[in-house]
Amino acid sequence: MKLKKKVIILFYCLIFLFLLSCKKESFHYISNNIQISYQDYPKYPGIEIVETQWKRTKIPINIKGTEDAKPKTIWLKIDFAMPSYLKNKDLGLYLGKINSIDEVYFNQILVGKSGQLYPYYLSAWNEDRYYRISKRLIKEKNTITLRITSKSAIKVKDCFFLTSYADGKNYAFLNQFFSKYLQIATGLFSLIFSFILFSFYFQTKDYSYVYLSIASILWAIISIYYYFPDLGLSYLVQEKIFYSVIFVISFFIFLLFENLVKTQNKTIKLLFSLTCVLGFLSGITAGSEKHLTNTWRKEALIIFYFSNHIIMGYYVVKAFLKKNKEGKILFVSYLIYTFSFFYDIFINLNIIQSSTYFFPLGFFILITSFGPVVAMRLMDLADELTLTTATLEQKVDERTLELQTALSKLQDSNDQLNQTKNALWAEIQLATKLQELLVPHNPTLNQYEIACYLLPAKEMGGDYYDVIDEAGMKWLIIGDVSGHGVSAGLIMMMTQTAIHALVKQNPKIKPSTLINLVNTTITENIEKLKERRHMTLSVLAVETDGKFTLSGLHQDIFIYRNKTKSVEKIHTKGKWIGIWNDISDKIKNSQIELNIGDSLLLHTDGLTESWKKGAVKGSRTSKDLYGLSKLEELFLENGGLSPNVIKEKIIDSLT
């Protein structure tokens with residue numbers, strides 16, 4: 001047998017033995033010969049109560065009252081002979097629960113006084129009245145006189161009996177345990193339970209733990225406060241809080257039911273929420289002068305709570321019928337809760353004569369029954385984790401083998417890629433070298449000093465310049481294909497070829513005509529390449545006496561005027577080539593004239609979009625670009641020098 005089952009069996013055995021120790025065979029019941037008097041005798045026992053004032057009655061005694069009435073008093077008298085087995089010993093007189101002030105006289109000797117007047121009797125209403133009777137007071141014929149004073153209804157429900165002091169004390173403690181101490185203990189347990197549940201929520205993000213935790217905290221607060229002695233609030237306020245918060249707790253339990261059984265119905269949820277709101281308002285808006293359960297609110301609370309009970313039962317039964325293992329646990333706790341609910345209703349309706357209420361215990365059982373449900377979920381999660389762990393090593397081996405196979409294939413592919421890359425890179429380097437060879441490096445121009453510079457990028461580009469001398473006509477060409485790569489270099493070489501062919505064919509061709517014809521050829525070739533490219537291109541035909549004919553759109557041209565020591569900026573005009581088949585109407589010729597000592601500077605954006613000298617790699621911004629202003633500034637400072645010196649100055653200012 002498992003240890004857990006042994007502990008449970010031992011627990012029930014101890015309870016059984018405790019109950020046996022309180023055997024009722026030793027109880028001498030004295031409730032069958034009770035007389036009542038409605039006349040108060042405040043000077044008792046100094047005076048005798050007139051016999052004609054006594055009338056026979058029996059328990060239960062329920063005398064209605066109003067909370068605003070003055071205190072009223074009744075007297076109860078019991079005459080009895082002491083049985084032989086109770087003589088010559090100290091006895092215990094058990095009167096059960098009396099919701100008012102009681103004074104007990106044994107043979108006209110005051111033996112005890114308990115309780116407080118409504119509405120300040122607080123938890124005293126839930127105290128069992130039990131008094132010790134000294135053996136010195138016991139006679140052959142005895143009389144117990146009980147004076148009960150109350151400002152509200154007077155209720156006496158428990159049978160009176162005499163027994164040995166020890167047995168009576170055990171019996172009173174057992175009653176107090178179920179009606180009071182157990183409720184307080186369940187409240188404390190619920191409080192601890194709520195903190196544990198919150199910790200589970202942060203791990204699982206399951207709102208079931210939040211709902212149950214809130215319900216547990218609220219139950220802990222009202223159960224502890226409601227059954228503790230005076231904590232600063234009157235009984236009426238405590239009663240309002242208790243019956244109102246019960247509906248708040250019910251709402252969160254309903255949300256928990258929905259979440260656990262995975263069933264949602266908007267109509268049912270709306271109906272349940274409405275009854276919770278109405279029940280809460282019925283309780284919390286009760287006045288502070290009347291006993292809540294002595295007004296119409298008592299029936300209203302019962303109706304609203306009964307409605308909630310039925311709606312929750314719908315979800316429980318539905319889960320039970322689906323043979324859900326969690327539903328079985330909730331179904332059992334719901335039956336216990338239902339029993340306690342109706343049991344207490346029957347007590348309030350005086351159908352059952354008892355002073356021990358089981359609703360708090362049933363409610364606590366309902367809340368805590370979610371604990372095993374939550375535990376079962378965690379156990380299922382643990383089982384899944386164990387199963388996953390058990391197969392994890394095998395899965396790791398399988399995945400490792402798959403990764404090794406994939407890695408081997410990847411290595412083969414990488415080797416092939418490297419071979420292809422190396423071959424392609426060799427071809428690109430060859431194309432770049434060819435591009436460098438196609439441009440003139442040390443060209444000459446009669447009557448002019450000239451210096452050129454081309455610094456290839458890491459990949460093949462479309463920057464292009466040329467100096468052509470054909471049949472006595474000299475040309476300066478500069479251009480730039482958009483983008484980089486092989487296609488840009490290829491377009492650049494096609495442009496150079498087309499220009500050389502056209503100039504060779506017609507050395508005296510006008511620059512505008514040359515550009516238009518080149519555009520037609522390049523546009524067709526770009527379309528064949530299926531590339532989205534274009535090219536800027538400016539052509540200068542060198543005339544005599546420092547005159548040039550300019551045509552085509554490219555970067556601005558700088559001229560250093562030696563006479564004024566200033567830089568003149570000439571904006572090129574026209575259209576990009578490679579986009580439109582015919583741009584003849586957009587291309588015009590213009591004249592440029594240089595004087596002795598003047599300098600002409602042509603460049604591509606490869607220069608102006610380079611980094612300034614001193615720019616830190618990794619932290620560069622657009623402000624670190626070389627830019628036109630920097631170029632113009634440097635040209636202004638050095639424009640009067642020779643072209644080679646100007647070139648070196650520009651190169652030195654780059655990073």
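The values are calculated or read from the model by the stated rules, or taken from the named source; none is laboratory data. Computed from a prediction, not measured in an experiment: that's the story for all the values here. For neighbour counting, all protein chains shown are included, and Cβ atoms are generated from backbone atoms with ideal geometry for every residue, glycine included. Note: accessible area is taken over every heavy atom of the protein model, side chains too, but ligands, DNA and RNA are not part of it. Shrake-Rupley method; radii C 1.70, N 1.55, O 1.52, S 1.80 Å.
Given the options GLY462, GLY485, name the one that is touching a strand residue (DSSP E or B) at 6+ places or on another chain (Cβ under 6 Å) and at pLDDT below 80.
Working: GLY485 fails: touching a strand residue (DSSP E or B) at 6+ places or on another chain (Cβ under 6 Å).
Answer to the selection: GLY462.
Suppose we keep only residues that are part of a helix (DSSP H, G or I) and of a type in the set (A, V, I, L, M) within region 430-456. Which one would you say is modelled with the highest pLDDT?
Residue satisfying both the conditions and the ranking: LEU438.
Within region 558-569, identify whether any single residue is open to solvent by less than 10 Å² (accessible area, probe 1.4 Å) and under 26 Å from SER629 (Cβ atoms), and answer yes or no.
The answer is yes, given that some residue of region 558-569 is open to solvent by less than 10 Å² (accessible area, probe 1.4 Å) and under 26 Å from SER629 (Cβ atoms).
Please verify whether region 7-27 includes one or more residues that are open to solvent by less than 90 Å² (accessible area, probe 1.4 Å) and modelled with pLDDT of 80 or more.
yes
I'd like to check something: does region 75-92 contain any residue that is under 30 Å from ILE241 (Cα atoms) and not basic (Lys, Arg)?
No, the conditions are met nowhere in region 75-92.
Can you go through LYS395, LYS474, LYS409, LYS421 and tell me which one is open to solvent by 60 Å² or more (accessible area, probe 1.4 Å) and either at pLDDT below 70 or outside any helix (DSSP H, G or I) (or both)? First the steps, then the outcome.
Numbers: LYS395 fails: either at pLDDT below 70 or outside any helix (DSSP H, G or I) (or both); LYS474 fails: open to solvent by 60 Å² or more (accessible area, probe 1.4 Å); LYS409 fails: either at pLDDT below 70 or outside any helix (DSSP H, G or I) (or both).
Answer to the selection: LYS421.
Kindly state which helices (runs of 4 or more DSSP H) lie completely within region 164-244 and contain at least 3 residues that are over 20 Å from THR368 (Cα atoms) and at pLDDT 75 or above.
The helices (runs of 4 or more DSSP H) meeting that bar are 165-176.
Does at least one position in region 445-465 carry a residue that is polar (S, T, N, Q), surrounded by fewer than 18 Cβ atoms within 10 Å (Cβ to Cβ), more than 60 Å from the chain's Cα centre (by Cα) and more than 16 Å from GLY606 (Cα to Cα)?
Yes, region 445-465 contains a residue that is polar (S, T, N, Q), surrounded by fewer than 18 Cβ atoms within 10 Å (Cβ to Cβ), more than 60 Å from the chain's Cα centre (by Cα) and more than 16 Å from GLY606 (Cα to Cα).
Could you count how many residues in region 319-333 are part of a helix (DSSP H, G or I) and either open to solvent by 70 Å² or more (accessible area, probe 1.4 Å) or touching a His at 6+ places or on another chain (Cβ under 9 Å) (or both)? Walk me through how you get there before you give the answer.
Residues of region 319-333 part of a helix (DSSP H, G or I): 319-321, 325-333.
Now narrow it down to the ones that are either open to solvent by 70 Å² or more (accessible area, probe 1.4 Å) or touching a His at 6+ places or on another chain (Cβ under 9 Å) (or both): 320-321, 325, 328, 332.
Of the residues in that region, 5 qualify.
Scan region 587-598 and tell me whether some residue there is among the small types (Gly, Ala, Ser), closer than 27 Å to GLY461 by Cα and either open to solvent by less than 20 Å² (accessible area, probe 1.4 Å) or outside any strand (DSSP E or B) (or both). Let's see the steps before the verdict.
Step one: list which residues in region 587-598 are among the small types (Gly, Ala, Ser), which gives 590, 597.
From the residues that got through so far, the ones that are closer than 27 Å to GLY461 by Cα too are none.
Looking for residues that are among the small types (Gly, Ala, Ser), closer than 27 Å to GLY461 by Cα and either open to solvent by less than 20 Å² (accessible area, probe 1.4 Å) or outside any strand (DSSP E or B) (or both), one finds none in region 587-598, hence no.
If ARG532 meets every condition in (1) of a type outside the set (S, T, N, Q); (2) closer than 27 Å to VAL481 by Cβ; (3) open to solvent by less than 70 Å² (accessible area, probe 1.4 Å) apart from one, which number is that one?
(3)
Could you say whether any residue in region 541-552 is farther than 23 Å from MET473 by Cα and aromatic (Phe, Trp, Tyr)? Before the answer, list the steps.
The first filter runs over region 541-552 and keeps only residues farther than 23 Å from MET473 by Cα, leaving none.
There is no residue in region 541-552 that is farther than 23 Å from MET473 by Cα and aromatic (Phe, Trp, Tyr).
Say whether the condition of being of a type outside the set (Asp, Glu), under 30 Å from LEU517 (Cα atoms) and touching a residue at least 60 places away in the same chain (Cβ under 8 Å) is met by at least one residue in region 633-654. Outline the logic, then answer.
Start the filter on region 633-654 by keeping residues that are of a type outside the set (Asp, Glu), which leaves 634-636, 638-647, 649-651, 653-654.
Now restrict to residues that are under 30 Å from LEU517 (Cα atoms): none.
Looking for residues that are of a type outside the set (Asp, Glu), under 30 Å from LEU517 (Cα atoms) and touching a residue at least 60 places away in the same chain (Cβ under 8 Å), one finds none in region 633-654, hence no.
One residue is enough: does region 520-529 have a residue meeting the conditions on the phi > 0 side of the Ramachandran plot and of a type outside the set (S, T, N, Q)?
Taking every residue of region 520-529 in turn, none turns out to be on the phi > 0 side of the Ramachandran plot and of a type outside the set (S, T, N, Q).
crowded, with 21+ Cβ neighbours inside 10 Å and at pLDDT below 80 - does that describe any residue in region 267-279?
No, region 267-279 contains no residue that is crowded, with 21+ Cβ neighbours inside 10 Å and at pLDDT below 80.
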